[in-house]
Amino acid sequence: MSSQQRKFMTLLVSVLAAFTLLLSVSLAQEQGSRALTPDVPVTGTLDEDNPVEVYTLNGRANDSYALSVVAADDAAVYLHVTDATGASISASGGGDGSALTGTSSITITFTLPADGTYYVTVVSLNGVGDTAIDFELNLALQNSAAVFTPPGELLTATGLQVRLTWDSEANMDLEVRDPVGGSLYFDTPTVTSGGQFGVNANSVCANRVAENAIEQATWPAGVIPTGSYELLVYYQPLQDCPTTAPATFTIEATVDGQALPAFEGTLLPNQVFLASFVVNADGTAVSGLSGVKVDPPVAPSIQGSTPVALTLGVPVTGIITSQQPFAVYTFVGQPGDIVSVDMAATSGNLDTLLLLLDPNGNQIAANDDRDLGITSSLILNASLVLDGTYTIIATRYGQDLGGTQGAYTIALTGPITTDFSGTQTAVIPDLPNLPNGAVEVSLQWNTAADLQLLVRDPQGNAVFDDRPTIASTGATLAANGNVNCIPADGSPVSYIYWPEGRLPSAGPYEVEVQYQNQCNDTNPVQFTLNVVINGQLVLTANQQPRPGERFVTSFNIGVDGLVTAGDGGFFGTVQRPDSASLDYLAEIENAQVMTSGQTLTGSIRLNQKFQVFVFNGEAGQLVTAGMEALNGTLDPVLFLLDQNGVQVAQNDDAAGGGTTNSLISEFILPEDGQYIIIATHFGARYGVTSGDYNLTLRLN
């Protein structure tokens, strides 16, 4: 850069610093909505009519920011940040513009010296000709020194008014949450802070209006609380005369005669709109973000937050404000761990929200209100599936868009075994949004793979994704994970339950987990299986299956209601059931010898899960063995072993489908010797079906 250019740039910076205060205040008043918010991009245009653009930033002392601008078509632009007196806080090009020649992308960093309103100016270095210059601004909060200021009192001459208006027959409902925890709406028409609610418009079919519908919340002249006010608009269709069309509305707020910029939005039925404003101690008021509420997952602005490690049983404190709506915590978990997270508001009007993410970033649990009428949050007895670092997001209702603020405590604990009244309860995994049952069988895992959960009752009826209900008993598959490779939200869950009220019939229940399909996800699968009966955790298993493998276990409900868990383990794959779990060697010496053409009858019971038979064969012979169930719930399985105990053939369900009987058909014997037939049931050692059977043998 030549000395002449450098002099020009220095002069430009000096001139900008001199008139920025007057220009910024003037423009900011005209452009009241031009407040910069971290992680919310803002676009603008420099042209002949607007050669300079100015934005405001409301910040606190010691907050650190990174501010970037990208201009289209390589246009060189200049950034300048000043305080309310016009003093320079930061400028691009080191203050003299020397680094700005030809630069269209700039990032500056700065720390605010005090609480207050700051001004950001964007100007073209080379002036604005006939071609407009489009640009985008991005503000990132690098380090927040946010503090929560408890609500105070402000003496007003005209009070505070919030008015919702819309022009349709939709049933829209306004709620205003004041800084001291009051919720003002049609069901609570007065609050302790002095607020009063007016008419509940369009709430009755016969009295609906299509034009100029109004709901209003007012605080009369006198003292009102300072702090953050949260505004909520609900679109709640009436049952007898529902409205389904989108509804557009306006919210107008006036604080002691000062009108804030109006909030405008459009809702569909059952959606919620959020907005907020802060009343300061000096009587000024500042609007916050607004928009349609989006339920978790986590808002993007959480990215880049520095996590804090939690220690089991050691509570920590924090604050949630509009400048700092999130806090991030971590802990290390293992498969089978059951953990709880308690977040309790301790000041302000904070309405907490908790989210729990697994090591892969999937949301596995969330809680807004821990109980009816209690807005603190509790993730109760979450069952962990993976080894690794878990993430807790402590935030508020509405996350970025929310308006509640305050201090809180948060604690990570193990299983919670008492309810809110102190009564002892069972330690069971929490599965939000799934129905409670007398019997609850849940399967959770960590990948996009398709795992099938199946439960077979004492009558032999099976509940799984192809048969989701048993009408006679009420057994129901209420969640089916990634069935058919359709991804679930967050970590997949399959869930089978019997309705509350009484236990289902007594007898043995068989549970199978089958790894059906990788669904193009090659990550190792880890699952947690839990069985909860009458609120008691009676069985839990954590396993890492391979594709095609089947895990089998069981539980038994006694006639006296006593519940016991059975053994569990892998039963090979669908193509190759495995006999390894059977301790058959001691039975060979006394095994019955079979000859070709012979049919024998046997029995499989809970105390006799297999029977052993032997025959003599020659190399090259074709052997056919069939096992046919005669009664009971028996699901037959056959194994053929050579004289060394090596499994050479097997069958679960005979070819052709439509039967659970087993058939080993025309297997060619590899050598002369004594062969072993094991007649058993599905699951081998781990199965529980029973009944009598016929076993036939033919040698050709």
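The values are calculated or read from the model by the stated rules, or taken from the named source; none is laboratory data. Note that the structure is predicted; figures quoted are calculated from it, not measured. When we count neighbours, we look across all protein chains shown, and the Cβ atoms used for this are built from the backbone with ideal geometry, even at glycine.
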Residue that is surrounded by the fewest Cβ atoms within 10 Å (Cβ to Cβ), among those in region 339-365 that are hydroxyl-bearing (Ser, Thr, Tyr) and assigned to a loop (DSSP other than H, G, I, E, B)
Thr346
Among the residues of region 606-622, which ones are part of a strand (DSSP E or B) and surrounded by 13 or more Cβ atoms within 10 Å (Cβ to Cβ)?
Phe610, Gln611, Val612, Phe613, Val614, Phe615, Asn616, Gly617, Leu622
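With modelled with pLDDT of 85 or more and aliphatic (A, V, I, L, M) as the only criterion, which of Leu155, Leu125, Leu100, Leu141 stands out?
Answer to the selection: Leu155.
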Residue in region 148-189 that is nearest to Phe263 (Cα to Cα), counting only those that are over 32 Å from the mean Cα position of the chain (by Cα) and among the charged types (D, E, K, R):
Arg163
Only one of Gly265, Gly318, Gly336 is more than 16 Å from the chain's Cα centre (by Cα), surrounded by fewer than 20 Cβ atoms within 10 Å (Cβ to Cβ) and modelled with pLDDT under 85; which?
Gly336
Pick from region 34-66 the residues that are in contact with a helix residue (DSSP H, G or I) (Cβ under 9 Å, 6 or more places away or on another chain) and of a type in the set (A, V, I, L, M, F, W, C): which of them is surrounded by the fewest Cβ atoms within 10 Å (Cβ to Cβ)?
Val40
Among the candidates Thr330, Thr352, which residue alone is of a type in the set (Ser, Thr, Tyr) and at pLDDT below 95?
Thr330
Quick check, is Leu384 modelled with pLDDT of 90 or more and surrounded by 23 or more Cβ atoms within 10 Å (Cβ to Cβ)?
no
When (1) acidic (Asp, Glu); (2) in contact with a Phe, Trp or Tyr (Cβ under 9 Å, 6 or more places away or on another chain); (3) farther than 25 Å from Asn556 by Cα are applied to Glu618, the one that fails is (2)
In region 517-539, the residues that are crowded, with 20+ Cβ neighbours inside 10 Å and touching an Asp or Glu at 6+ places or on another chain (Cβ under 6 Å):
Val532
Among Val286, Val278, which is the only one that is touching a Ser or Thr at 6+ places or on another chain (Cβ under 6 Å) and within 21 Å of Ile319 (Cα to Cα)?
Val278
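Can we say Gly535 is out of contact with any strand residue (DSSP E or B) (no Cβ under 8 Å at 6 or more places or on another chain) and not assigned by TED's automatic domain parsing to the domain that holds Thr689?
So Gly535 passes the test.
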Which one is farthest from Ile374 (Cα to Cα), of the residues in region 179-222 that are surrounded by fewer than 16 Cβ atoms within 10 Å (Cβ to Cβ) and β-branched (Val, Ile, Thr)?
Val209
